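The values are calculated or read from the model by the stated rules, or taken from the named source; none is laboratory data. Everything numeric here is computed off the predicted structure, so don't read it as measured data. Every residue, glycine as well, gets a Cβ built from its backbone with ideal geometry; the counts of neighbours run over all protein chains shown.
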């Protein structure tokens with residue numbers, strides 16, 4: 001049944017995902033087992049196919065959405081912190097920028113991979129990122145920008161983290177259409193994801 005659940009996540013079939021998740025719980029499987037042996041492996045396949053160009057954003061979003069539905073069912077059965085095995089990621093689109101489809105996709109895939117995700121939305125200031133990192137004891141801050149004009153906000157946020165004394169304890173990831181590995185290196189970011197799947201892999205490496 002876990003293999004069927006994994007496949008249903010890959011297929012983005014919400015009805016089957018919810019039914020199988022409930023059935024596995026009723027049959028005595030623990031929430032952690034369902035997560036580790038069916039849901040997460042399913043999302044890993046989705047992430048890999050996206051990186052290879054075999055799955056596209058609408059399909060990935062569908063899989064992420066049905067995964068979220070299963071997580072909602074499992075949440076009451078997961079011990080405190082059990083779902084947050086990899087740590088906390090604060091994500092947001094930088095100040096002056098309102099694009100959020102890619103950033104939301106990264107958030108959903110991060111959650112699917114086992115991170116706790118705090119999504120600050122769009123137009124997030126450097127001060128907002130710093131405050132959220134402190135409040136949630138974040139391991140990673142992820143910033144997205146789709147406009148070249150808002151790219152400097154990423155460097156400003158890194159400077160604000162240094163000023164707050166957080167830079168050594170928080171990893172910084174950046175992404176978005178105009179962002180490149182070279183730009184990430186230039187501003188001193190720890191990681192860059194060319195797409196959502198790569199962003200999740202990089203995040204895992206940063207906390208590994």
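Matching residues to (1) under 15 Å from the mean Cα position of the chain (by Cα); (2) closer than 21 Å to residue 195 by Cβ:
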{"site": "8", "(1), (2)": "no, no"}
{"site": "57", "(1), (2)": "yes, yes"}
{"site": "88", "(1), (2)": "yes, no"}
{"site": "96", "(1), (2)": "no, no"}
{"site": "117", "(1), (2)": "yes, yes"}
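Among the residues of the stretch 1-56, the ones that are part of a loop (DSSP other than H, G, I, E, B) and either touching a strand residue (DSSP E or B) at 6+ places or on another chain (Cβ under 7 Å) or under 23 Å from residue 86 (Cβ atoms) (or both) come to 3 in all. Please go through the stretch 70-110 and pick out each residue that is closer than 17 Å to residue 139 by Cα and modelled with pLDDT of 90 or more. If the condition is that a residue be closer than 17 Å to residue 139 by Cα and modelled with pLDDT of 90 or more, then 87, 88, 89, 90, 91, 92 are the ones that fit. Of all residues in the stretch 1-13, those that are closer than 11 Å to residue 62 by Cβ have Cβ atoms under 7 Å from Cβ atoms of residues that are surrounded by fewer than 21 Cβ atoms within 10 Å (Cβ to Cβ) and at pLDDT below 95, 6 or more apart or on another chain, in 10/45; 12/59; 12/62. When 124, 118 are screened for being surrounded by 21 or more Cβ atoms within 10 Å (Cβ to Cβ) and at pLDDT 90 or above, only 124 passes. Counting residues in the stretch 175-189 that are free of Cβ contacts under 8 Å to residues at least 40 places away in the same chain, crowded, with 16+ Cβ neighbours inside 10 Å and within 14 Å of residue 97 (Cβ to Cβ) gives one or more.
So for the stretch 127-148 (the condition being assigned to a helix (DSSP H, G or I) and at pLDDT below 95), does at least one residue qualify? Yes, the stretch 127-148 contains at least one residue that is assigned to a helix (DSSP H, G or I) and at pLDDT below 95.
Residues are listed down the side, and each one gets a yes or a no for (1) touching a strand residue (DSSP E or B) at 6+ places or on another chain (Cβ under 7 Å); (2) under 19 Å from residue 160 (Cβ atoms):
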position	(1), (2)
98	no, no
107	yes, no
126	no, yes
131	no, yes
137	yes, yes
144	yes, yes
